[in-house]
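Everything on this sheet refers to the single structure shown next.
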Ligand SMILES: Nc1ncnc2c1ncn2[C@@H]1O[C@H](COP(=O)(O)OP(=O)(O)OP(=O)(O)O)[C@@H](O)[C@H]1O
Ligand SMILES: [Mg+2]
């Protein structure tokens with residue numbers, strides 16, 4: 001391709017700044033004492049300490065997975081610090097007590113934690129390195145019986161709920177990274193929507209990695225009781241650093257009878273520079289369980305950041321007539337690698353799942369869709385529709401699709417469509433001939449390509465995601 | 001309006017245009033005819049700045065400016081419009097969104113106010129009437145799933161909205177049925193004014209019954225080998241290109 005399609009890539013990562021703040025960081029290294037120390041720092045009940053230790057011991061028996069289509073340097077788990085927190089550990093009664101430096105950091109990221117300033121009705125839980133620093137709109141939510149707080153707080157205030165659901169969707173032994181997370185997770189968000197309640201606002205968690213040489217291991221647990229509804233958003237950024245940083249999160253969702261949970265992610269961790277130096281290693285286990293009848297869980301993700309992404313938001317369709325959805329846009333540029341997709345496990349009768357994956361590869365990026373649709377013997381009358389489209393920008397990137405399908409009964413059906421296209425010089429020229437410059441042309445073409453996914457995002461998030469897509473591809477076409 | 005002098009252009013190292021000279025004044029309609037592969041579309045693409053073509057010699061002045069020095073979008077801003085022989089599909093992008101973006105870029109470059117969605121939609125609907133296009137095309141993705149004739153009509157719709165100074169229509173008539181040909185031609189004629197000009201590339205004299213040219217040029221092997229009035233088109237229709245080739249041989 002001429003200079004047009006190869007050049008546009010390198011706008012600087014806008015969120016790459018660091019915040020100078022005093023932290024309580026434990027020395028690098030991982031062993032049972034470290035696990036105990038984390039648990040102690042968080043003043044956890046004994047059952048949880050034991051749960052962590054069990055996970056840790058199991059982790060020791062596991063090997064890091066090598067099957068993904070990813071290339072990255074070996075991770076030295078002993079050189080990472082497993083806990084870092086801004087040094088203001090006392091419990092906050094109001095946002096006014098949050099360290100102004102932190103408020104400013106989030107302000108810079110475009111997230112206002114000051115409730116009165118927020119125009120849109122989005123409640124935010126802000127996680128800074130290992131701990132949650134603020135949760136907004138708590139009172140408003142409380143009136144409806146909704147619990148939305150940091151994970152640590154939930155452990156203290158709602159231990160029964162946490163104990164009941166923690167690990168119920170992603171067992172601590174599930175996989176290498178989930179086991180690691182279960183041993184050392186430091187914070188995250190917890191959300192419980194009681195029976196029959198429609199959450200009146202979007203709930204959102206904003207993850208920020210700041211400290212260097214630390215890993216971020218957060219856990220999110222969302223429970224929607226019978227007939228409840230919630231839409232949950234997750235955003236992530238990190239400073240630009242030369243070293244790679246590990247992020248291994250776990251998200252668990254439980255939807256009971258007739259409940260619905262929408263989970264949307266805009267993942268924009270630092271991706272490393274154009275030569276592949278630095279960037280976040282993002283190894284995430286996200287899974288939802290449609291435990292009740294007629295329940296529904298949808299994952300929508302826009303993945304533009306991280307040097308390495310390993311992520312398969314999945315749905316266990318256990319309740320009869322339950323619905324699972326996965327809508328994904330994954331963008332890789334420069335040296336980024338992504339291996340992402342979903343698993344739809346049909347167990348209940350008449351369960352339905354939809355998978356729409358849009359992979360965009362530019363630069364020397366390498367984008368893999370990996371998906372499993374499994375329809376069990378008893379999941380009669382079930383259906384899956386999968387569509388995987390890849391778009392290539394330039395000649396040095398790649399796209400792969402690995403769809404695995406298992407159907408164990410004859411009354412179910414699975415449909416799969418796939419396409420690969422190349423953003424054409426002719427498309428760009430056509431736009432330019434109508435007066436639209438290259439950058440806007442690419443952004444328009446890509447957004448058109450990803451439209452089916454974007455339309456599932458809440459409005460303001462969609463606008464943000466579209467902008468992000470434009471930025472992360474800037475320089476890939478010129 | 002536009003003056004092309006000794007224009008040579010290559011594609012993939014092969015010379016396609018071998019010294020084109022052509023002058024078009026405001027208010028004029030020029031027709032370019034010629035056998036398949038003679039370089040008509042290449043000329044159109046070079047004038048609008050397609051990156052696959054390299055100009056090796058010559059110059060093009062558009063209202064006194066060096067056209068070849070401008071980016072394709074700058075040429076569009078200056079008022080050059082190409083109706084593509086093969087219009088391009090842009091999945092997921094609606095026709096109106098696309099056209100509004102183009103129009104507003106052009107307006108911006110001229111220091112005019114951008115149109116908001118309501119103003120634009122009103123304009124678009126007016127122009128759709130001119131080319132008798134159904135309003136269902138407003139929200140359909142650009143050219144995706146359009147029939148051959150619908151794509152051509154869509155090109156003329158875009159021209160009607162963007163109101164170029166110089167419109168180059170590359171075989172806009174091919175693929176149009178007889179009624180559509182009349183509608184599209186009358187659309188083009190309605191847009192004609194003393195201050196703009198049109199270059200129509202066609203194989204068929206029939207189109208020239210509707211869009212009547214002031215001049216007809218015959219392009220063979222990358223050169224304009226004969227120019228004349230509208231009767232030249234009739235002559236070609238009757239005799240094919242052979243008589244020109246013979247004339248060329250005789251004069252050689
Ligand atoms: N991108 C390209 N790569 C290779 N060859 C090309 C390219 N574009 C044009 N050509 C060649 O240049 C020559 C002129 O093509 P052009 O499309 O200009 O012809 P034309 O006069 O428009 O023909 P038609 O009447 O069939 O539309 C042809 O031989 C064509 O194959
Ligand atoms: Mg042609």
Task: Two-site FRET efficiency, residue A:71 against residue B:204, from Cβ-Cβ distance with R₀ of 51 Å, rounded to 0.05 - done: 0.35
Task: Residue-span extension gain [residue A:160 to residue A:274] - 0.36 nm each, minus C-alpha spacing - done: 36.3 nm
- [ ] Determine, for each peptide in A:143-149, A:277-283, the mean count of other beta carbons within 10 angstrom over its residues, then list the peptides with the highest first.
- [x] A:277-283, A:143-149
- [ ] Enumerate the residues in the range B:87-108 having an amide nitrogen under 15 Å from the point lying 7 Å beyond the Cα of residue B:65 toward its Cβ.
- [x] B:105-108
Task: Averaged over B:92-104, number of beta-carbon atoms from partner chains that fall within 10 Å - done: 4
TODO: Could you check the simple spin-label distance between residue B:11 and residue B:193, using points 7 Å along Cα→Cβ, in nm with one decimal?
DONE: 3.4
TODO: Return a whole-number percent for the relative contact order of the range B:104-252, with Cα pairs under 8 Å and 6 or more residues apart as the contact set.
DONE: 16
Task: Shielding score for A:434-446, defined as the mean number of other chain Cβ atoms within 10 Å - done: 6
Open item on the list: Need one word for the range B:65-118: rounded, prolate or oblate. Basis is the Cα gyration tensor (sqrt eigenvalues a ≥ b ≥ c); a/c below 1.5 gives rounded, then a/b vs b/c decides.
Closed with: oblate
Open item on the list: Once the convex hull of the alpha carbons of the range A:251-302 is built, what does its volume come to per residue, in cubic angstrom?
Closed with: 61
TODO: Working from Cα positions, state the angle (0 to 90°, nearest 10) between the long axis of helix B:242-251 and the longest principal axis of chain B.
DONE: 50
- [ ] Could you list the residues of the range A:351-390 with an amide nitrogen less than 11 Å from a label point located 7 Å from the Cα of residue A:417 in the Cα-to-C-beta direction?
- [x] A:386-389
- [ ] Using only alpha carbon pairs under 8 Å that are at least six residues apart, calculate the relative contact order of chain B and give it in whole percent.
- [x] 27
Task: Efficiency of FRET from Cβ geometry, residue B:109 and residue B:230, R₀ 30 Å, rounded to 0.05 - done: 0.25
Task: Highest-first arrangement of A:260-269, B:28-37, B:127-136, A:335-344, where packing means the average Cβ count within 10 Å - done: A:335-344, A:260-269, B:28-37, B:127-136
Open item on the list: Could you list B:120, B:84 so that the one with the fewest beta carbons within 10 Å of its beta carbon is first and the one with the most is last?
Closed with: B:120, B:84
TODO: For every helix of n ≥ 4 consecutive DSSP H residues, a contribution of -39,500 (n - 2.57) applies; sum these over chain B, divide by its total residues, and give [θ] at 222 nm rounded to the nearest 500 deg cm²/dmol.
DONE: -12000 deg cm²/dmol
Task: Tail fraction, Cα-Cα pairs, chain B, threshold 35 Å, whole percent - done: 13
Open item on the list: Give me the one-decimal nm value for the distance between modelled label points at residue B:174 and residue B:26, 7 Å along each residue's Cα-to-Cβ direction.
Closed with: 3.3
TODO: Could you please state, rounded to a whole Å, how far the C-alpha centre of the range B:160-214 is from the C-alpha centre of the range A:246-262?
DONE: 59
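Quick note: the coordinates plus some simple rules give every number you see, no bench work behind them. Owing to the predicted nature of the structure, the values given are computational and were not obtained by experimental measurement. Neighbour counts run over all protein chains shown; Cβ positions are idealised from the backbone, glycine included.
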